[in-house]
Amino acid sequence: MMSASHQAFYTAVRQSIPDERLITDPTRTLAYGTDGSFYRLVPKIVIRAESESEIRTVLREAHAVGVAVTFRAAGTSLSGQAVSDSVLVTLGDNWNGQQILDGGARIRLQPGVIGQHANNTLAPLGRKIGPDPASIATAKIGGMAANNSSGMCCGTKQNGYHTLSAIRVVLPDGAVLDTGDALSVAAFRESHAVLLAGLAQLAADIRANPALEQKIRHKYRLKNTTGYGINALVDFDDPVDMLAHLMIGSEGTLAFISSITYDTVPDHPHKASSLTLFHDLDACCRAVTALREQAPVDAVELIDAKSIRAVQDKAGLPDFLYGEIPDAAAALLIETRAPSAAILADQCAAINGLVAGFTPAAESGFATDAGVTAIYWSVRSGLFPAVGAVRPVGTTVVIEDVAFPIEHLADGVRRLNVLFERYGYHEALLFGHALEGNLHFVFTPSFDTADEVRRYSDFMDAVSELVAVEFGGSLKAEHGTGRNVAPFVRLEWGGDAYDIMLTIKRLFDPHGVLNPDVIISANEQVHLQNLKAMPAADPLVDRCIECGFCEPACPSNGLSLTPRQRIVLWRAINDLRRSGADAERLEAFERDYPYYGIDTCAATGMCATRCPVGINTGELMKKLKGPTRSPGMATWSATHMRTLTAAARTGLGAFHAARSVLGDDTAIGATRLAHKLFPTIPILPASTPRPAAALPAPAAHGEPVVYFVSCVNRTLAEGSHGRDSVAASTVSLFAKAGLRAIYPEQLASLCCGQPFDSKNATQAANRASADTNAALLAASRNGEIPVYVDNGPCALRLLDAQKAGLVDPRLKLYDAASFLTKFVVPKLDFPHRVASLAVHVPCNASKMGVGPQLVALARQCAERVTVPDIACCGFAGDKGFTTPELNANSLKRLKPAIGGCDSGVSMSRTCQIGLTAHGDIEYQSIEALLDQCSCTRQTDTLPA
């Protein structure tokens, strides 16, 4: 139930913000009540804000009635700074603006831009943003700035504070300041003179206290995100500059960041990595100090002995990491980057020479091969799954980070390990960004009993005394203060500095509207309250820690629920079913879950490709959906594909005939009405292809290739207007490359089984796979001849079926990207090129690992190639015909991402339908594109 204040706020904001972006139902408010931390608060109201004017409205109305407001970007923060039991404001779809400035020397970004997307924009210019958190593929700029996120390479010199060029903020009173706009700054100096004078006075107070000023400078020699960034008060003279830099790391407690302009940093193309093992921790840490002071290193990661042992199941590591690892051992993962190969070689030699002086036990030497370096870095990235994937059900994963003065790094490692043992966190692993003295530790507490909470509390008290008091370090080096460390800010900083922070909060937010209990809290127990329960739900998802890394890959993100939110709700449903409590709430969850959770899940498994522990939430949704209700009909369909595809072609012909007579709107509207009455009838978009013509005759001569034309490509023509199937382009390509297509016998009756598998019609899917297996074996002479599969989802299905033993291992199965790259393109020239081309890497290509090959094929045919970061288009087999809002939601970013492209290409026929509909350009198959642009390679001959 809402309080009277929240009801008044809700009534007021409804005048400006549409109801569909105001969420108050119990299902979705619970779903949004989680972030990457181990706290959970359920908001009364969730607002998807789309503009700065809406933010101003929210703040004005919140101030008027006294309700608290919390802002959230991606929700990957780890310290409880993005959860609320009041009003939670999330970013809608209109916060993704990017503007390159000064030839790439600067970039202006809105807060909804994912960090990696900013780097993708800058990559052609050889630049990147400074902050590089491990979550950069998910975290958004607003959150990265508000938390002063850093990472493995940026250290303190290239973090958000030091690379800030300008910032635009909305203050709690609704005022807007853009420090990159002279007129805005001038107006703000006049309207907010009291605020600026207050900051200037705080700076003067610090200068009058030399011990405090020295402490501040010492603390920011380390990585430090504990409390407010009061270094801004000693680093700058102008209060406007102080205000701008106080925003970095303010965690949404002072203002809303509406845009930020960063000074970018070089992204050197030449990189090398090495692994070095030390049997003596002190020698290892002395080497770190030397590397920091004397060597051209970009990253140095320390991995302690227990962590090395935890990743010894990984293949491909240097041999010396697989043996007995002494307790006092540690390894360094070192990376160096350079603008040229020659400079890189010199840097590697210098680093090797320096490290050799500290008597390492073994070293790999520097590797430049991307595959090898990826394996090296998998040691670091594998540490979280090494704990998270094997934790007991019901426990959570806590990732803490602290910083020691680098000269005390070895002592810090040893003393933290003592605390792990003392408090029974034997599973804890320790690693970190050694150049900054920044150590991360991962452990798995349970918060289900008072004793467990007390154990965690005692542990945190001990860590705080060790790091902040005994060693003068940082309790939060880069993860933000949040709720987690708010009670310890005074302990770390002392009374004088803490009083300054209290004054800062009062100057900006005198009524305490913004994110209460974050950074500054009078509640000394706030870090022990609202701890997130992780009740058992299903073995498929019980390992989830709700980090949110899956969300950018999910096509239903913003439409219904994300994978993280689906798991949150399923955990709650199971917990309520077991306890028998709150029947009304359970009823609401069970009523809403079929659509929000199951029906709008694409079930393509792209979430698993982003999940640190490989959870495929789609598998759970398929399980909850249950087996098909019509197994007999499915089996009949699997054995009558010729009839079904013929009927589908007839239906397509009728639809296009109706369009020509009735017009698009009427014909498409008729399919919507028919779908409502008979859900098996598809909703057909304007980009629906025409029925495919008969398969072309293959070439008479050439090396044989068995060509499995998928049922979808036997049914749907290439493009939106023609009649030729993709087979026409494929056979033409084969002929140019000296290849001869062989169609399997009874091809018209074959199906890979994917349509049935997606409907949980397992018997029908296996029957279809078996029939196809027999036909392919016969056509390929028991695997002697390679098999070409022309639709990506079908190729993935057959390859997966082969791994599962349903398809004969002798068959040499190839997807389009792999086969064309290996056997066709080397025999072709490409005299024709399009100016600009958009490439969609479909889910199946990503899961088969052939996305880079698809993009490389496209580059043969285009002057400029754009690859939007859309992991899944949401068409998902036939969901684009039955749940078209899923496809529309996933592709809402498509048109802005492909601006200026003349055409598009992919390797999944149904994906191309949705991409054409929502991209406003024609997407074609990779076969059609290559055929249009190529000719047989001309071989040079010597004159007679």
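The values are calculated or read from the model by the stated rules, or taken from the named source; none is laboratory data. These numbers come from a predicted model, not from an experiment. All Cβ positions, glycine included, derive from the backbone under ideal geometry; neighbour counts span all protein chains shown. Please note that ligands, DNA and RNA were not included when accessible areas were found on the heavy atoms of the full protein model with its side chains. Shrake-Rupley method; radii C 1.70, N 1.55, O 1.52, S 1.80 Å.
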Quick calc of log₁₀ I(q)/I(0), segment 302-370, Debye, one scatterer on every Cα, no solvent, q values 0.17, 0.19, 0.27 1/Å, result -0.72, -0.86, -1.29
Rounded to two decimals, the Debye log10 I(q)/I(0) of segment 445-502 (Cα scatterers, no solvent) at q = 0.25 Å⁻¹ is -1.06
Round to the nearest 10 and give me the degree value, 0 to 90, for the angle of helix 664-677's Cα axis relative to the longest principal axis of the chain.
80 degrees
Among residues other than Gln860 whose Cβ falls under 15 Å from its Cβ, what is the net charge (Lys/Arg +1, Asp/Glu -1)?
+3
Gyration tensor on Cα atoms of segment 270-479, a ≥ b ≥ c root eigenvalues, a/c under 1.5 rounded, else prolate if a/b beats b/c, else oblate, says prolate
So, in nm, how far is label Ala450 from label Asp85 when the simple model puts each one 7 Å beyond its Cα toward the Cβ?
1.9 nm
Whole-number value, in Å³ per residue, for the convex hull of the alpha carbons of segment 639-824 is 115 Å³
Using the basic label-point model (7 angstrom from Cα toward the beta carbon), what is the Glu703 to Asp19 distance in nanometres?
6.4 nm
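Reported to two decimal places, what Rg/Rh ratio describes segment 456-565 when computed on Cα atoms with Rh from the Kirkwood expression? Walk me through the numbers on the way to the answer.
Working: Rg = 18.0 Å, Rh = 16.8 Å.
Ratio value, two decimals: 1.07.
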Residue (of Leu125, Thr562, Ser191) at the positive-pole extreme of the chain, dipole from beta-carbon charges:
Thr562
Point-charge dipole on Cβ atoms (K/R +1, D/E -1) for the chain, about Cα centre, debye to 20:
2640 debye
Descending packing, highest mean Cβ count within 10 Å first, for 463-474, 277-288, 542-553, 580-591 is 542-553, 277-288, 463-474, 580-591
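Over segment 639-824, with every protein chain in place, what whole percent of the accessible area is carbon and sulfur at 1.4 Å, could you tell me? List each step's numbers first, then the result.
Values: 4690 of 8040 Å².
Ligands and nucleic acids excluded, carbon and sulfur reach 58 percent.
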Which three extents, in angstrom, do the Cα atoms of segment 201-335 have along their principal axes, listed largest first?
60, 35, 30
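So, by mean Cβ neighbours within 10 angstrom, what's the order for 807-815, 202-210, 839-847 with the highest one leading?
Averaged packing, sorted descending, gives the order 839-847, 807-815, 202-210.
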Other-chain or far-sequence residues with amide H under 5 Å of Gly904's (modelled H)
Ala838, Glu922, Tyr923, Gln924
Does segment 537-625 come out rounded, prolate or oblate by the C-alpha gyration tensor, with a ≥ b ≥ c the root eigenvalues, rounded set by a/c under 1.5 and, if not, prolate when a/b is larger than b/c and oblate if not?
prolate
Candidate lysines for bridging to Lys827, where Cα separation is under 28 Å - those fewer than 8 sequence places away on the same chain excluded
Lys736, Lys812, Lys847
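Considering only protein heavy atoms, what per residue accessible area in square angstrom results for segment 264-378 with a 1.4 angstrom probe?
On the way: 4750 Å² over 115 residues.
Solvent-accessible surface per residue comes out at 41 Å².
Determine, for each peptide in 109-116, 346-353, the mean count of other beta carbons within 10 angstrom over its residues, then list the peptides with the highest first. Kindly include the intermediate steps, with their values, before the conclusion.
On the way: 109-116: 23.0, 346-353: 16.5.
Highest to lowest by the protection proxy: 109-116, 346-353.
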Cα-based helix-to-principal-axis angle, 726-736 vs the chain, degrees rounded to 10
80 degrees
For the chain, max minus min Cα coordinate along each principal axis, in Å, sorted largest first?
90, 71, 58
Report Rg/Rh for segment 185-243, rounded to two decimals, where Rg is the Cα radius of gyration and Rh the Kirkwood radius.
1.02
Provide the three semi-axes, in whole Å and in decreasing order, of the ellipsoid equivalent to segment 735-892 as defined by the square roots of 5 times the Cα gyration tensor eigenvalues.
28, 24, 12
Computed helical MRE - 222 nm, the chain, DSSP H runs ≥ 4 contributing -39500 (n - 2.57), nearest 500
-12000 deg cm²/dmol
Principal axis lengths of segment 35-182 from Cα atoms, whole Å, largest first?
48, 39, 26
Using only C-alpha positions, report the orientation-averaged shadow area of the convex hull of segment 295-414, nm², one decimal.
9.0 nm²
Normalised by the number of residues in the chain, what is the relative contact order in percent for Cα pairs under 8 Å and 6+ residues apart?
10 percent
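Divide the volume of the convex hull of the Cα atoms of segment 255-325 by its number of residues and quote the answer in cubic angstrom per residue. It would help to have the intermediate numbers written out before the result.
On the way: hull volume 15.5 nm³, N = 71.
Per-residue hull volume (Cα only) is 218 Å³.
Just the number, please: carbon plus sulfur as a percent of the accessible area of segment 270-479, 1.4 Å probe, no ligands or DNA/RNA counted.
Working: 4010 of 7610 Å².
So the carbon and sulfur contribution to the accessible surface is 53 percent.
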Excluding same-chain residues fewer than 8 positions from Lys895, which aspartates and glutamates have a Cα within less than 17 Å of its Cα?
Asp93, Asp869, Glu885, Asp920, Glu922
Any chance you could list the semi-axes, whole Å, largest first, of the equivalent ellipsoid that the Cα gyration tensor gives for segment 398-482, using √(5λ)?
21, 13, 12
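Ignoring ligands, DNA and RNA, what accessible area per residue does segment 830-936 give at 1.4 Å, in Å²?
Values: 3440 Å² over 107 residues.
Value for segment 830-936: 32 Å² per residue.
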If you split all Cα-Cα distances of segment 821-931 into 10 Å bins from zero, what percentages do you get per bin, shortest first?
15, 49, 29, 7, 0
Based on the Cα gyration tensor of segment 289-329, what are the three equivalent ellipsoid semi-axes, each the root of five times an eigenvalue, rounded to whole Å and given largest first?
24, 13, 9
